[in-house]
Each structure stands twice: as C-alpha cells, then as structure tokens.
1. Filtering region 295-309 down to residues that are aliphatic (A, V, I, L, M) and outside any loop (DSSP other than H, G, I, E, B), which residue is farthest from R79 (Cα to Cα)?
2. Select, from G205, G226, G198, the only residue that is under 17 Å from T84 (Cβ atoms) and of a type outside the set (S, T, Y).
3. For D325, are the conditions met, namely being of a type outside the set (A, V, I, L, M), in contact (Cβ under 8 Å) with a residue 40 or more places away in the chain and in a loop (DSSP other than H, G, I, E, B)?
4. Answer with yes or no whether L334 is crowded, with 21+ Cβ neighbours inside 10 Å, touching a residue at least 40 places away in the same chain (Cβ under 8 Å) and part of a strand (DSSP E or B).
5. Pull up region 280-319, narrow it to residues that are under 13 Å from E261 (Cβ atoms) and β-branched (V, I, T), then point me to the one that is farthest from the chain's Cα centre (by Cα).
6. More than 19 Å from D216 (Cβ to Cβ) and either aliphatic (A, V, I, L, M) or assigned to a helix (DSSP H, G or I) (or both): does that describe Y251?
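All of the numbers you see were taken from the coordinates with simple rules; none came from a lab. Because the structure is predicted, anything quoted here is derived from the model rather than measured. For neighbour counting, all protein chains shown are included, and Cβ atoms are generated from backbone atoms with ideal geometry for every residue, glycine included.
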Amino acid sequence: MGKSPLHTRLFRFTALSLSGMLCMVAAGCADNDLPQPKAAAAAQMDTTPTQHPAAAPLNDDELRVTLLGTGSPLPSTSRAGMSTLVQTNKLNLVIDAGRGVTTRLHQAGVSLGQIDGVFLTHFHSDHVSGLADLWMTGYIPPLGGRQEALSLYGPEGVGNIAEGLTSAFKNDADVRVADGEVKPEATGLSATEFTHEGVVFDQDGVRVTMFDVQHDPKGAIKPSVGYRVDFGEHSVLISGDTIPVDNIVKYGSNVDVMIHEVAEFEDTSALPTVYAHHTNPRQAGQIFKTAAPQMAVYSHIVNGTIGIPGVSNEKLVERTRENYDGPLTVGEDLMSFLISGTGIEVHHPSNI
C-alpha cells in the first residue's frame, strides 16, 4: 500500500481518562412550566460548538475514523450501540447504526443531514436500532436539513429494513411534508443491497468493499459482513460481528486501522454460547499478528453482562498480548483516528 515502516510512523496517544467526559443529551417533551434540574436544562439548550476532531475539515489526503458506539446490546451510558464514522474531506460514511448513533454524531459535531451513506454489517438490533432516529432526525431542518433520501447500503435484506421503516414512520414524514416543514424527497430512505462480496461504493476517491464473515458456528446468522474502506493509500477495516474467519486477514492485511469486535469475561468458561458467536482476545491477537495492521482497535466490546463480570481494559490487552505485541487500542466512544501520510494520530475523548 506504499506505507513507511512501522517504526517510522507516528502514534500520538493522549490521556486515557474518560472521567466526566461523556454526556448523554436528554431529549424529552416536558412541560416548560415544570421545574427542571439545571443540568438537564443545560443539556437541552446546549449549542456550544464541539471541539471534536470529526467537526474539523480534513486535508485532501487524510482519512478520519471515529468510534461513535463501541458497545454491545447491553444498555450503557458510556458505550453506545455499534457504529463507526469514516470521513474524508468530501464524505461522511457511517458503518452500522446502533443505539445512540444520533447523539454521538451530535456530540462529534457532525451534521445529521450530511451523512452520505449508512452501511449495515448485519441486522441484529444493536447494529440497526439507531437507524430510524438518524434517518428521521436528519431531515428535520434545524437538526439536519437533509434535502434528499438517506442512502442505505449492505447485504441482501437492507431493502426490507428500508421498506419497513418507511412504512412504520410514514405518519411522521406525511405530517412534516403536509406542514411544509420538509420536502417529500428529503424523507426517503434509499436502499442498495448486494448479494455477493465486492465493491459496493465507489465515489469521490472512496472505495468500500463488502466481504463475508461468520457470526455463529453454524452459519445461521446470514447475512453477516464486514467492510474495508480505501481512500488513496489509506485504509480501514471494520470486522462486523464475527468468529475468527480467513476473510478478516484476506481483506485486512496491512490496513492502517483494523477495527475488530471482541468478547471476554473474567471467567473464560462463562457463557460459551456468547464466545461461540464472537472473537475472544486471544483469537483476535492471532488475527492481528497475521494481518499486521498499523493499528489494531477493539470495538463492539462484549465485556461482561448482567450478573457476569467482564475484565478491565488492561486485562483485555494482557490477554491479547498472549499472541500479539503490536499497536493496540481498546476503543471508547468518540475516540478518533486521523490517518495521514505522517502516521496515525489517536485522539481520546478525554482530550477533546
């Protein structure tokens, strides 16, 4: 890919602490005459310009990746549902749209009306439950003002999702159009689905390749795919939910950033069914070692569940290190990676 040796690349790591950083915006329909806590009122009226890197312009040769949501189906205020933002100086692409994606985009300073495409890896709820919010909030003029249909891409089945959402929320679109708030074309959800691996998007120098993965040992959860995004000499791979498969290495060898799912519990004999549907850190370490990305990143982190403890980030790294000693980052919501000719800069939320 024309990259410089690993030891010459720049990896700038800022403070790891997330304490006090993440603030979930509360939105409600409370009577304005009722007393409200000051913090809640401030959150509702917050229009302060964001300092997040995703709000900043990019140079022509730069690619930025932001982890919008790094969580699992477990409800969490610190880890939203799975979603990743990939940006160039012309495009904003979202991979998966889990719970909270709209809030995280707002926190990152990215206009909801400026999303150029949403790509789905599969149809589990924690990857799609935020799609309706992103789609509809994006066409409300003060909040997004999108002027045309939102484009949805993915494997066979995305058309069914688009059709179902359009039907389910037809009343919202109809009344907003009737009220003169939006144009009919702005309320569309346009799906393009693909039945085979290959390039599914090629625009403004950005090429997105879809490839098959396997989310369960029997191959029952179909479709399940991952994506590789190429822009110039830069590249990022998003694994999707998967057990170890050859395609991750095939499509991810020597990418700049490899974003891979992971599942781990303090007791590795706990919940064997969960382990059978995901990749544990020892397996991920072997994948990273073979694929040799410039930076390995964990997202969609299944780290404990109700009644069953997970492990610390340090322990997650330690267990990965059994098979891999290269660059590794445990993802956090709103963590951002700037890929340029000088290397990869990692921006942690606590420093934004």
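1. Within region 295-309, the first condition is being aliphatic (A, V, I, L, M), and the residues that meet it are 295-297, 301-302, 306, 308.
Still in the running and outside any loop (DSSP other than H, G, I, E, B): 295-297, 301-302, 308.
Working: M295: 21, A296: 19, V297: 15, I301: 9, V302: 10, I308: 17 Å.
Only one residue tops the list, namely M295.
2. Values: G205 fails: under 17 Å from T84 (Cβ atoms); G198 fails: under 17 Å from T84 (Cβ atoms).
That would be G226, the only listed residue that is under 17 Å from T84 (Cβ atoms) and of a type outside the set (S, T, Y).
3. Details: of a type outside the set (A, V, I, L, M): yes; in contact (Cβ under 8 Å) with a residue 40 or more places away in the chain: no; in a loop (DSSP other than H, G, I, E, B): yes.
No; evaluated as a whole, the condition is false for this residue.
4. Values: crowded, with 21+ Cβ neighbours inside 10 Å: yes; touching a residue at least 40 places away in the same chain (Cβ under 8 Å): yes; part of a strand (DSSP E or B): no.
Judged against the criteria, L334 is not a match.
5. Within region 280-319, the subset under 13 Å from E261 (Cβ atoms) is 280-281, 283-284, 287-288, 296-303, 316.
If we keep only those that are β-branched (V, I, T) as well, we get 287, 297, 301-302.
Values: I287: 20, V297: 12, I301: 12, V302: 15 Å.
This residue is I287.
6. Working: more than 19 Å from D216 (Cβ to Cβ): yes; either aliphatic (A, V, I, L, M) or assigned to a helix (DSSP H, G or I) (or both): yes.
Criteria met by Y251.
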